[in-house]
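Chemist: This structure is in structure tokens; I'll ask about it shortly.
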Amino acid sequence: MYKKILVGYDGSEHSKKALAHAVELAKAHNASLYMITVAPLASKGGELPASAL
């Protein structure tokens, strides 16, 4: 049923539970599991122009 699973992770208890659930789903469906996390941009060194993103 599932071929690829993406789960967001931020270290919170909710994300830990979501990751555990995603692992079980991936195992059950022989699916690839991808994890994504987002970090704020560092404030040191000034701002990046939008074209750099």
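The values are calculated or read from the model by the stated rules, or taken from the named source; none is laboratory data. Everything quoted here is computed from the prediction, not taken from an experiment.
Chemist: Name the single residue, out of those in segment 1-43 being among the small types (Gly, Ala, Ser) and in a helix (DSSP H, G or I), that is nearest to LEU53 (Cα to Cα).
Modeler: Here the residue is SER15.
Chemist: Tell me yes or no: at least one residue of segment 19-34 is modelled with pLDDT under 95 and among the β-branched types (Val, Ile, Thr).
Modeler: Within segment 19-34, the first condition is being modelled with pLDDT under 95, and the residues that meet it are none.
No, the conditions are met nowhere in segment 19-34.
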